[in-house]
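To start, the structure under review is shown below, and the notes come after it.
The values are calculated or read from the model by the stated rules, or taken from the named source; none is laboratory data. Nothing here was measured: the structure is a model prediction, and the numbers come from that model. Ideal geometry is used to build each Cβ from the backbone, glycine not excepted, and the neighbour counts take in all protein chains shown. The protein model used for the area step is the full one, side chains on, heavy atoms only, and it has no ligands, DNA or RNA in it. Shrake-Rupley method; radii C 1.70, N 1.55, O 1.52, S 1.80 Å.
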Amino acid sequence: MAFESPQSTEVSKRLLDLGLNPDIGIVEPNLPTNSKPESLKIKNSKRASKSHSKKVIATSSGLNQSFPSDAVLDCSRSITDLPPVLISEILNCLDPKELGIVSCVSTIFHRAAAEHHAWKEFYCERWGLPAVPAVLDSGVADEKSWRELFVEREFRSRTFMGRYSMDVLYGHTEAVRTVFLLASAKLIFTSGYDSVVRMWDMEDGLSIASSRPLGCTIRAVAADRRLLIAGGTDGFIHCWRAVEGLPHLFELRGTQMQNTEFRLWGHEGPITSLALDLTRIYSGSWDMTVRLWDRHSLKCTKVLGHSDWVWGLVPHDTTVASTSGSDVYVWDISSGNLTTIIHNAHVGNTYALARSHTGDFLFTGGEDGAIHMYEIMNDDNIETRAWQIASWIPHTGPVYSLAFEFPWVVSASSDGKLSLIDVRKLLRTSKRALGKRVSKVMHLDRSTVEPPQRMLHGFKNNLFSVDIGADRIVCGGEEGVVRIWNFTQALEIERRVRALRGIRLENRMRRRKLQTEVSNKGGRNDQCSVAAKKNSVNGIWPSKRGVSGKLKA
């Protein structure tokens, strides 16, 4: 890989003026078409091979001109001669796979690619900022480079195709309508028809605490490390503030600290969906509205009206997506204006909605049992459009819930099955060139889209809610139990397999090295053995039979 510098461009022009081809290693005289050169050669000497400046071109017809030394030196420049800033910009245009390949070229590229800031962008684009690094026993943080974090997370994302163990959590007396996995705190929150919010330990599956009955069906739960909210069919949002110093964050009973528990009223119908970000609370309801609440003042700041019941919502940055009837809406949060709408996304209601971490991709599930993937494109901040990328029909009943963690889309359906769809092959990691928005989709024919990579089934009908995170899939349904598919076992197995594969590869390379050393050292010994065999045929030393024959003669 070589790049042309301005200086080499001037040299090329000088070569053209001399009648020479500026390409490296090709020199042609500027002669008429009917004439042929009598001789065209380069002095071949050891000094000429060591120094380009001593190369001389000897031609007939009085054309005896020396080859400019600076031209050869400038034209032979490689990418490593470029300024580090320019090399960094070139590497910035590569995707993770290409960047990894470049790091294997040389030590210079390995250092430049391994420490490149693009790894942080790749990681945050797929999974967001990682959790606080764990503290070792010595008290020193186990800091890893962004490249190491990316490789480790990418490796972990492939374990959902491996073995798993299943934990079944009992405690609810009726159907479970909603589950929420708070991976950063290793907690699981569930609720349903029994109107009780339960908190579980993600690691051992034990029940930590449960709330008092809230008086109605709880259809939605959301949480972060500071706030837990639950929405009921009576139109209220029940909230719990985190208690400082409490290992499991929330005191669900609220008997000791009454100021940590409160309710928000405003909806006129059952609440079907909830979400949180750093400054707002989002709630969707069958009263055909989505309400935005300020987390500090606890007041409703905006009301987004729809034409039908609201089934789901997912906020991201400055926009919030919602489903109403069979349509999908995308709203601007600051202005409250509708930026785009997807009409008739499904045949029947669009029950489920999920969104990628960057907000560029929407996943919808509906009453027709189909799952659609859309890309949200914003053309110069003027017009927002949604393009359908792919579709899957893995279920025979309505899709009630979707969850997404790169690259897996998980769906729960009334047919009692979970589908796992890997969208990695549909996407590409590309940079924005010259400030233009570039599509991140591999433009493939919809007929070539692969079916779901895995189906988890064998359970009763009506799975109402699903979530994914921390190498686990959590699901709740009509059975009244919560199921956890734990893939950490697959992670450990894959790690052992990779370690054994590395050991085998190392042993193989060691054997090859020993064989080459033995073959190099044993070359002369082989020659001596061949000579000995030839001499033994000719008979340098007379055998006993030969001696006896001569004596008889």
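Looking only at residues in the stretch 158-197 that are in a loop (DSSP other than H, G, I, E, B) and open to solvent by 70 Å² or more (accessible area, probe 1.4 Å), which one is modelled with the lowest pLDDT?
Going residue by residue through the stretch 158-197, those that are in a loop (DSSP other than H, G, I, E, B) are 162-164, 170-175, 186, 193-197.
Imposing the further condition that a residue be open to solvent by 70 Å² or more (accessible area, probe 1.4 Å) reduces the set to 163-164, 170, 173-174, 186, 193.
On the way: R163: 84, Y164: 87, Y170: 95, T173: 94, E174: 95, K186: 93, Y193: 96.
The extreme case among them is R163.
Check every one of the strands (runs of 3 or more DSSP E) wholly within the stretch 359-410 and list those with 2 or more residues that are more than 12 Å from V423 (Cβ to Cβ) and charged (D, E, K, R). Steps first, please.
On the way: elements: 361-366, 371-379, 383-392, 399-405.
Ranges flagged: 383-392.
Output the residue which, of all residues in the stretch 494-504 that are free of Cβ contacts under 8 Å to residues at least 40 places away in the same chain and under 27 Å from the mean Cα position of the chain (by Cα), is nearest to R158 (Cα to Cα). Reasoning before the result, please.
Going residue by residue through the stretch 494-504, those that are free of Cβ contacts under 8 Å to residues at least 40 places away in the same chain are 495-504.
Okay, now just the ones that are also under 27 Å from the mean Cα position of the chain (by Cα), so 495-502.
Details: R495: 12, R496: 15, V497: 14, R498: 13, A499: 16, L500: 18, R501: 17, G502: 18 Å.
Selected residue: R495.
List the strands (runs of 3 or more DSSP E) inside the stretch 268-312, counting only whole elements, that have at least 3 residues being in contact (Cβ under 8 Å) with a residue 60 or more places away in the chain and β-branched (V, I, T).
On the way: elements: 271-276, 280-285, 289-294, 300-305.
Of the strands (runs of 3 or more DSSP E) lying wholly inside the stretch 268-312, none has at least 3 residues that are in contact (Cβ under 8 Å) with a residue 60 or more places away in the chain and β-branched (V, I, T).
Hey, can you tell me all the residues within the stretch 228-249 that are open to solvent by less than 20 Å² (accessible area, probe 1.4 Å) and small (G, A, S)?
A230, G231, G232, G235 - these are the residues of the stretch 228-249 that are open to solvent by less than 20 Å² (accessible area, probe 1.4 Å) and small (G, A, S).
Could you run through the stretch 78-109 and say how many residues are open to solvent by 90 Å² or more (accessible area, probe 1.4 Å) and not aliphatic (A, V, I, L, M)?
Total meeting the criteria: 7.
Being of a type in the set (S, T, Y) and at pLDDT 95 or above is the filter here; which residues of the stretch 347-369 pass it?
As a first pass, look at the stretch 347-369 and keep what is of a type in the set (S, T, Y): 350-351, 356, 358, 364.
Result: T350, Y351, T364.
With the requirement that a residue be in a helix (DSSP H, G or I) and touching a residue at least 60 places away in the same chain (Cβ under 8 Å), what does the stretch 88-123 give you?
Kept after step one, since they are in a helix (DSSP H, G or I), are these residues of the stretch 88-123: 88-91, 96-102, 107-114, 118-123.
Across the stretch 88-123, the qualifying residues are P96, F122.
So which residues in the stretch 154-189 are under 22 Å from W408 (Cα atoms), β-branched (V, I, T) and touching a strand residue (DSSP E or B) at 6+ places or on another chain (Cβ under 9 Å), if there are any at all?
T178, V179, I188
Check the stretch 289-299 and report whether any residue there is surrounded by fewer than 17 Cβ atoms within 10 Å (Cβ to Cβ), assigned by the TED database to the domain that holds L402 and among the aliphatic types (A, V, I, L, M).
So far as the stretch 289-299 goes, yes, one or more of its residues are surrounded by fewer than 17 Cβ atoms within 10 Å (Cβ to Cβ), assigned by the TED database to the domain that holds L402 and among the aliphatic types (A, V, I, L, M).
Picking from R225, R219, which residue would you name as being under 20 Å from V179 (Cβ atoms), assigned by the TED database to the domain that holds V482, open to solvent by 40 Å² or more (accessible area, probe 1.4 Å) and at pLDDT 95 or above?
Details: R225 fails: at pLDDT 95 or above.
Testing whether each residue is under 20 Å from V179 (Cβ atoms), assigned by the TED database to the domain that holds V482, open to solvent by 40 Å² or more (accessible area, probe 1.4 Å) and at pLDDT 95 or above leaves just R219.
Kindly provide the set of residues from the stretch 341-365 that are open to solvent by less than 20 Å² (accessible area, probe 1.4 Å) and of a type in the set (S, T, N, Q), ordered by number.
Of everything in the stretch 341-365, those that are open to solvent by less than 20 Å² (accessible area, probe 1.4 Å) and of a type in the set (S, T, N, Q) turn out to be T350, S356, T364.
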